[in-house]
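**Q** I am attaching a structure below and will ask some questions about it afterwards.
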Amino acid sequence: VPQHVWRINLDTPEEAHQNLSFGAADRWWEQTDLTKLILASNKLQCLSEDVRLLPALTVLDVHDNQLTLLPSALGQLENLQKLDVSHNKLKSIPEELVQLSHLKSLLLHHNELSHLPDGFGQLVNLEELDLSNNHLTDIPSSFALLINLVRLNLACNQLKNLPADISAMKSLRQLDCTKNYLETVPSKLATMASLEQLYLRKNKLRSLPEFPSCKLLKELHAGENQIEILNAENLKHLNSLSVLELRDNKIKSVPDEITLLQKLERLDLANNDISRLPYTLGNLPQLKFLALEGNPLRTIRRDLLQKGTQELLKYLRSRMQDDVTSSSEEPPVTAMTLPSESRINMHAITSLKLLEYSEKQAAVIPDEMFNAVRSNPVTTVNFSKNQLNEIPPRIVELKDSVCDVNLGFNKISSISLELCRLHKLTHLDIRNNFLTSLPEEMEALTRLQIINLSFNRFKEFPSVLYHIVALETILLSNNQVGSIDPLQLKKMDKLGTLDLQNNDLLQVPPELGNCETLRTLLLEGNPFRTPRAAILAKGTAAVLEYLRSRIPT
């Protein structure tokens with residue numbers, strides 16, 4: 001790198017010595033310090049320690065060179081936010097690098113790194129870290145301190161295990177561990193509540209971990225492993241999963257609980273040892289892609305597999321009807337059986353504990369649905385996407401077992417007292433209805449954790465919510481809420497997500513900044529002037545900090 005590049009902040013430009021009349025554009029003494037330096041795709045073998053002469057740098061990009069080491073002076077670039085040293089020949093990283101406390105993006109992929117500095121966890125503001133295609137055999141335990149990390153790529157290394165501490169990365173959305181030597185995944189990984197995409201392809205896994213807290217996980221890729229068993233426990237918590245890729249394993253059977261994955265769009269089970277499938281797969285409402293080739297399926301003809309997903313699902317549904325009528329759990333069909341009763345999916349009620357009557361455009365839920373429950377403990381009710389004007393009164397019959405109720409996309413204008421008696425309720429989805437208020441009796445729902453009230457007609461924040469202390473998530477977007485009480489919200493010490501987008505908030509009370517449990521606060525689309533959009537764009541922590549700074553002392 002030519003010396004004058006390093007000295008660009010210090011030296012007077014050449015033309016200043018000759019030309020004595022300066023136009024406005026040439027006033028070199030007003031120039032600001034260099035903030036971005038891009039030296040990518042050259043043939044650099046080393047970087048000078050003189051890089052410290054550019055202390056204002058926020059971006060340094062030297063990817064695709066021939067660097068074997070980095071200067072320790074990099075540690076002095078305290079404003080650096082993005083450092084790209086990928087596609088070089090680095091064997092190690094200088095310890096000083098961990099002093100870059102403002103670094104948000106660090107790209108180290110395609111090098112020859114075999115270890116990382118122990119103090120790596122000091123890079124606390126890091127949001128993106130790419131270490132793929134190196135020679136790493138382990139990860140420093142200080143990784144646990146990277147609590148702002150959103151994307152972590154460890155693909156194509158030589159990792160035999162992941163430290164359990166990695167579960168402390170509470171902001172991590174994307175974790176890629178493709179092509180390593182992992183035999184197990186730490187069970188604590190399952191507590192990573194923000195995780196949306198997990199790639200575990202091409203490892204040596206024999207089983208899938210359980211994911212009790214990964215409620216947001218949308219994609220799980222675990223193909224080309226040695227997984228033999230797929231358990232109900234592996235699947236039942238993954239309510240948001242849209243992609244499940246398990247091709248090229250040794251899976252012998254698929255549990256009926258796969259139908260709990262109501263948002264599944266792609267399911268790849270090609271090249272396994274599956275001999276039979278649950279026909280209830282045909283009931284997955286969003287499924288667009290199902291790959292089954294390369295399995296010893298006895299019940300599905302090969303020519304059917306080649307006709308594509310929709311034909312396959314149609315076939316599974318037709319077999320399911322046969323199954324329901326011949327299943328031993330059902331009472332025999334007698335002359336007294338109503339025709340509509342034969343539509344009831346008893347398998348869903350008995351095995352999946354699911355009572356579903358959705359997308360029927362029905363004004364009432366037929367009594368035979370509730371009659372079919374008998375003594376089965378139903379935990380999930382889905383009556384969404386109908387024309388219901390009120391909450392079905394018989395829902396109260398399920399009060400000792402039901403914990404998840406979905407009444408979204410109906411025409412409900414008030415919450416009935418029957419609903420307030422469902423004392424085990426943890427999830428209530430009542431979005432896209434005509435609600436204007438909630439009754440005080442809802443305070444009895446002491447276990448309620450998540451409530452979705454978006455797209456209703458609330459003009460004020462429903463005050464009863466302040467008294468349901470177990471609430472973790474309140475979704476109230478697209479209403480007409482004009483104000484919130486920050487002092488009451490502060491008492492809700494479990495509240496992590498509050499969505500108030502697209503309401504009528506004319507001001508945001510600064511005391512809201514004291515609600516420190518909030519991890520996600522969404523305020524876009526309201527008519528208030530401050531905080532400005534630029535601050536909202538920085539994310540929840542920045543907004544709360546800004547609000548705290550505005551509290552009158």
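The values are calculated or read from the model by the stated rules, or taken from the named source; none is laboratory data. Everything numeric in this text was worked out from a predicted model, so none of it was measured. Methodologically, a virtual Cβ is constructed for each residue, glycine included, from the backbone with ideal geometry; neighbour enumeration extends over all protein chains shown. Just so you know, the surface numbers come from the protein's heavy atoms only, side chains and all, with ligands and any DNA or RNA stripped out. Shrake-Rupley method; radii C 1.70, N 1.55, O 1.52, S 1.80 Å.
**Q** Take the conditions in a loop (DSSP other than H, G, I, E, B) and buried (at least 20 other Cβ atoms within 10 Å of the Cβ) and apply them to Asn271. Does it pass?
**A** Details: in a loop (DSSP other than H, G, I, E, B): yes; buried (at least 20 other Cβ atoms within 10 Å of the Cβ): no.
For Asn271, the condition - in a loop (DSSP other than H, G, I, E, B) and buried (at least 20 other Cβ atoms within 10 Å of the Cβ) - is not met.
**Q** Take the stretch 177-220 and flag every residue that is assigned to a strand (DSSP E or B) and open to solvent by less than 30 Å² (accessible area, probe 1.4 Å).
**A** Answer for the stretch 177-220, where residues must be assigned to a strand (DSSP E or B) and open to solvent by less than 30 Å² (accessible area, probe 1.4 Å): Leu198, Leu220.
**Q** Out of the residues in the stretch 372-398 meeting the condition of being among the small types (Gly, Ala, Ser) and out of contact with any Ser or Thr (no Cβ under 6 Å at 6 or more places or on another chain), tell me which one is surrounded by the most Cβ atoms within 10 Å (Cβ to Cβ). Outline the logic, then answer.
**A** Kept after step one, since they are among the small types (Gly, Ala, Ser), are these residues of the stretch 372-398: 372, 375, 384.
Now drop any that are not out of contact with any Ser or Thr (no Cβ under 6 Å at 6 or more places or on another chain), which leaves 372, 375.
Values: Ala372: 20, Ser375: 4.
Taking the candidates together, the pick is Ala372.
**Q** Looking only at the stretch 252-261, decide whether some residue is among the hydrophobic types (A, V, I, L, M, F, W, C), more than 19 Å from Asn295 (Cβ to Cβ) and in contact (Cβ under 8 Å) with a residue 40 or more places away in the chain.
**A** Scanning the stretch 252-261, I find at least one residue that is among the hydrophobic types (A, V, I, L, M, F, W, C), more than 19 Å from Asn295 (Cβ to Cβ) and in contact (Cβ under 8 Å) with a residue 40 or more places away in the chain, so the answer is yes.
**Q** Among the candidates Leu435, Leu428, Leu448, which residue alone is surrounded by 21 or more Cβ atoms within 10 Å (Cβ to Cβ) and assigned to a loop (DSSP other than H, G, I, E, B)?
**A** Leu448
**Q** Being under 24 Å from the mean Cα position of the chain (by Cα), open to solvent by 60 Å² or more (accessible area, probe 1.4 Å) and within 29 Å of Leu388 (Cα to Cα), is that true of even one residue in the stretch 521-530?
**A** Narrowing the stretch 521-530 to residues under 24 Å from the mean Cα position of the chain (by Cα): 521-525.
So of that shortlist, the ones also open to solvent by 60 Å² or more (accessible area, probe 1.4 Å) come out as 524.
So of that shortlist, the ones also within 29 Å of Leu388 (Cα to Cα) come out as none.
No, that holds for no residue.
**Q** Sticking with this one: For the stretch 35-70, how many residues are part of a helix (DSSP H, G or I) and under 19 Å from Lys91 (Cβ atoms)?
**A** 1
Every residue, every condition in (1) surrounded by fewer than 20 Cβ atoms within 10 Å (Cβ to Cβ); (2) closer than 20 Å to Asn157 by Cα, yes or no:
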residue	(1), (2)
Pro71	yes, no
Leu74	no, no
Gln81	yes, no
Asn88	no, yes
Ile93	no, yes
Glu96	yes, no
Ser101	yes, no
Lys104	yes, no
Leu108	no, yes
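**Q** May I pose another question? Going by the conditions given, is Ile365 at pLDDT 80 or above, closer than 21 Å to Leu261 by Cβ and of a type in the set (Val, Ile, Thr)?
**A** Criteria not met by Ile365.
**Q** For the stretch 71-81, give me each residue that is touching a strand residue (DSSP E or B) at 6+ places or on another chain (Cβ under 9 Å) and closer than 20 Å to Ser92 by Cβ. It would help to see each step written out before you state the result.
**A** Just the residues of the stretch 71-81 that are touching a strand residue (DSSP E or B) at 6+ places or on another chain (Cβ under 9 Å), to begin with: 74, 77, 80-81.
If the condition is that a residue be touching a strand residue (DSSP E or B) at 6+ places or on another chain (Cβ under 9 Å) and closer than 20 Å to Ser92 by Cβ, then Leu74, Leu77, Leu80 are the ones that fit.
**Q** Continuing with the same structure: Given the conditions (1) under 33 Å from the mean Cα position of the chain (by Cα); (2) crowded, with 20+ Cβ neighbours inside 10 Å; (3) not in a loop (DSSP other than H, G, I, E, B), report the number of the one that Met369 does not fulfil.
**A** With (1) under 33 Å from the mean Cα position of the chain (by Cα); (2) crowded, with 20+ Cβ neighbours inside 10 Å; (3) not in a loop (DSSP other than H, G, I, E, B) applied to Met369, the lone miss is (1).
Every residue, every condition in (1) within 19 Å of Ile412 (Cα to Cα); (2) in contact with a Lys or Arg (Cβ under 6 Å, 6 or more places away or on another chain); (3) without any contact (Cβ under 8 Å) to a residue 40 or more places away in the chain, yes or no:
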| residue | (1), (2), (3) |
| --- | --- |
| Ser454 | yes, yes, no |
| Val481 | yes, no, yes |
| Ile484 | no, no, yes |
| Gln501 | no, no, yes |
| Leu521 | no, no, yes |
| Glu524 | no, no, yes |
